[in-house]
Number of protein chains: 2
Amino acid sequence: MNDRNGNRNGTHPKIEDVARLAGVSTATVSRALNATGRVREETRLAVERAVAELGYTPNFGGQALASKRTNTIGAIIPTMENAIFARALQALQETLSESNVTLLVATSHYSPQREEAQLRSLLARGVDGLALIGIYRSEIAYRLLDTRRVPFVILWSDPAQSTHVTIGFDNQAAASDVAERVIAAGHRQIAMISGIRDGNDRAEARVAGVAAAMQAHGLVLPNNWLIEIPYTLDDGEQAARQILTKTPRPTAIVCANDVIAAGVLRAARELDIDVPSQLSVTGFDDIELARAVSPPLSTVHVPHRRIGSTAARLLMDWIITGNRPNSVTFPTAFMARESLQRLEVAVT
Amino acid sequence: MNDRNGNRNGTHPKIEDVARLAGVSTATVSRALNATGRVREETRLAVERAVAELGYTPNFGGQALASKRTNTIGAIIPTMENAIFARALQALQETLSESNVTLLVATSHYSPQREEAQLRSLLARGVDGLALIGIYRSEIAYRLLDTRRVPFVILWSDPAQSTHVTIGFDNQAAASDVAERVIAAGHRQIAMISGIRDGNDRAEARVAGVAAAMQAHGLVLPNNWLIEIPYTLDDGEQAARQILTKTPRPTAIVCANDVIAAGVLRAARELDIDVPSQLSVTGFDDIELARAVSPPLSTVHVPHRRIGSTAARLLMDWIITGNRPNSVTFPTAFMARESLQRLEVAVT
């Protein structure tokens, strides 16, 4: 990234400079930046590029100033339909509510393009702060955050992987720990069903963690035993079916979240493969589902609610004091339940 | 309810009238109505009472006018941690997003007091419209909605039970249908685990529906076989344990939602009671959990996403055209899965 206030000649760039560089009128620049939606996509992109290039800061033009709070915090999450985000959002909202601050919610469906559009829309509304998920976004998105000078926190990622204020945990270490336990239980034939890694640092880190643990024990994760799918029960079931109907069959499947693992349990049941005596399965997240399925899932407990409430507290502190807070790393915990069993027991 | 514009002498009541009746200053009235939080609870209540009595409409004082849209819609739901509300909210937000409208989210934890506080807060922000859950709220809350003249829709309830724009379904008929099917499968010893009925018309209607169907067949729902609990897995498990460890034992348990039913399955497993051969269990909602548990739950499919997207569309139409839309009743569907079995089969 360039110099944060990176305009070329040391003076504050004006809206006229942006208009000239983008080849549009100042009114169009204004419309594009305020996300009123009456601007063609290519024009908007040209304006954003000019804004990024010049380091133009619309704040100076009279937009949300530090002294002019809106008492709203924006959150952009992949989807509310994943219980982990719903939980965090609930805690975020409850904690903000204590300060009489309202939560604006938008979703991205794991798409950086949609996140960028939502980001622009929330910034145009003048939110006091933002909670975002994960570290991957476009340079334009980071630039927008920079130029608007809105406090923002990143949730779910490993704080060690980001220069921004991050409230999360070490996804790679947690996934390594799961694989270590599966290996310690005697398993050598291990498959993994992962989330889509592209654009998702948490999914990426979890695969890296499992692969690293296996490698440390001289094991490999074969390509046909590593399947990437969206985080749904149906996709999990289908991926498991693909793995379990071929020979050789793994004795354990490590899943990137509990929803996928629940899908694996369904596939195993339909294929008459007993879990855990014939197949061990692990999840990640420890949502309610993990204890509702049969057998209950061995999984990684992630403190979703504390991530949400901490985000609210740090954002409010930052907004009120103006002091950027430090990142927070939460510990995770392996929850040993019936779905993971020693291979020796399984064989007898 | 009184006359909608019910001020006494035909003139528009002024803020001074409210202040006089409430025995406070006009500045206090303003603070109370704008929910800035610097007003004592009893003062705020006195102001609200005066506003309700006089039919005072703060809009005339310069608050959100129809012509001055904020492009935000507020939603107050019981909790995001229940998948049914998360799903509807997701669809609501996605549909609003197409119109470049942002969603403000607040939660009430099924408390009318908290809903009223959240309502006041959202109204003070000048939302263009509101989505609320269920028909039960205080007269003050309804009065607030009336006087502010903000379009609002009620979700989840039976439109026949409300004079307001309602997007929902006939909870009682759907629950009756479940009970009819349980009875048709030969069950006579039927228990029900319900949500908390107080303040929740959906929970109330579901119990009424089950009781009516049983009564039509000359059956009674004994008091000790009707347990009201919060909608959680742990509470469901505990309630089931209470019912299943006593003699006589029911042959079927009808649950007011899928989460409770998943708890019943857990209790049955721990008590070594086989579902469905020794006990039938039904849920309500058809969330992902219903198909993830073992055996999969017979349940009522509720179109949560369509409720959310319809709410968004009706609200936007109403806001843009000024014409109040009609209520919408969605059909529900019974999903027959393994957890409900014929009693004859179970006995052999």
Legend entry - Using a 7 Å Cα-to-Cβ projection, B:Y136 label spacings across copies, nm, ascending: 4.7
Legend entry - Unit charges at the beta carbon, dipole of chain B: most positive-side option, B:P112, B:Q93, B:L123: B:L123
Inset, instruction - Go through segment A:139-176 and name the trypsin sites (Lys or Arg not before Pro) that are in a DSSP coil and have 14 or fewer other Cβ atoms within 10 Å of their Cβ. - result: A:R149
Legend entry - Local electrostatic count at A:L92 - Lys and Arg +1, Asp and Glu -1, tallied over other residues with Cβ under 13 Å: +1
Legend entry - Label spacing, shortest first and in nm, from B:R40 to its equivalents in the remaining copies (7 angstrom along Cα→Cβ): 6.3
Legend entry - For A:A27, inter-copy label distances in nm, listed shortest first [label point 7 Å out on the Cα-Cβ vector]: 4.3
Legend entry - Surrounding net charge for A:W318, when Lys and Arg each add one and Asp and Glu each subtract one, Cβ distance under 11 Å: 0
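May I ask for the accessible area buried between chains B and A, both sides summed, probe 1.4 Å, to the nearest 100 Å²?
So the buried area, both faces added, is about 3300 Å².
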Inset, instruction - In debye, nearest 20, what is the charge dipole magnitude of the protein assembly as shown about its Cα centre with +1 on Lys and Arg Cβ and -1 on Asp and Glu Cβ, if you could check? - result: 1820
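Any idea what the dipole of segment B:191-348 comes to, in debye rounded to 20, about its Cα centre with Lys/Arg Cβ at +1 and Asp/Glu Cβ at -1? Please report the intermediate quantities before stating the final value.
On the way: 15 positive and 17 negative charges, 66 e Å.
So the dipole magnitude of segment B:191-348 works out to roughly 320 debye.
Where Rh is the Kirkwood radius over the Cα pairs of the protein assembly as shown, the temperature 37 °C and the viscosity 0.692 mPa s, what D in µm²/s does Stokes-Einstein return?
The estimated diffusion coefficient comes to 120 µm²/s.
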Inset, instruction - Using only the Cα atoms of chain A, build the gyration tensor, take square roots of its eigenvalues as a ≥ b ≥ c, and label the shape rounded, prolate or oblate: rounded if a/c is under 1.5, else prolate if a/b is larger than b/c, else oblate. - result: prolate
Legend entry - Charge dipole magnitude, Cβ of K and R +1, D and E -1 - chain A, Cα centre, debye nearest 20: 920
Inset, instruction - Take every DSSP beta bridge whose two residues both sit in the protein assembly as shown, then give the antiparallel share in percent to the nearest 5. - result: 15
Inset, instruction - On a C-alpha basis, how far is the centre of segment B:131-174 from the centre of segment B:182-236 in Å? Whole number, if you could? - result: 24
Inset, instruction - Please give, to one decimal in nm, the separation of the simple spin-label points placed at A:Q113 and B:I320, each 7 Å out from Cα toward the Cβ. - result: 2.4
Legend entry - Charge sum, other residues only, whose C-beta stays under 12 Å from B:A160's C-beta, Lys/Arg counted +1 and Asp/Glu -1: -3
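The values are calculated or read from the model by the stated rules, or taken from the named source; none is laboratory data. Keep in mind it's a predicted model, so treat the numbers as computed, not measured. Don't worry about glycine lacking a Cβ; one is built from the backbone with ideal geometry, like all the others, and counts go over all protein chains shown. The area values use the complete protein model at the heavy-atom level, side chains included, leaving out ligands, DNA and RNA. Shrake-Rupley method; radii C 1.70, N 1.55, O 1.52, S 1.80 Å.
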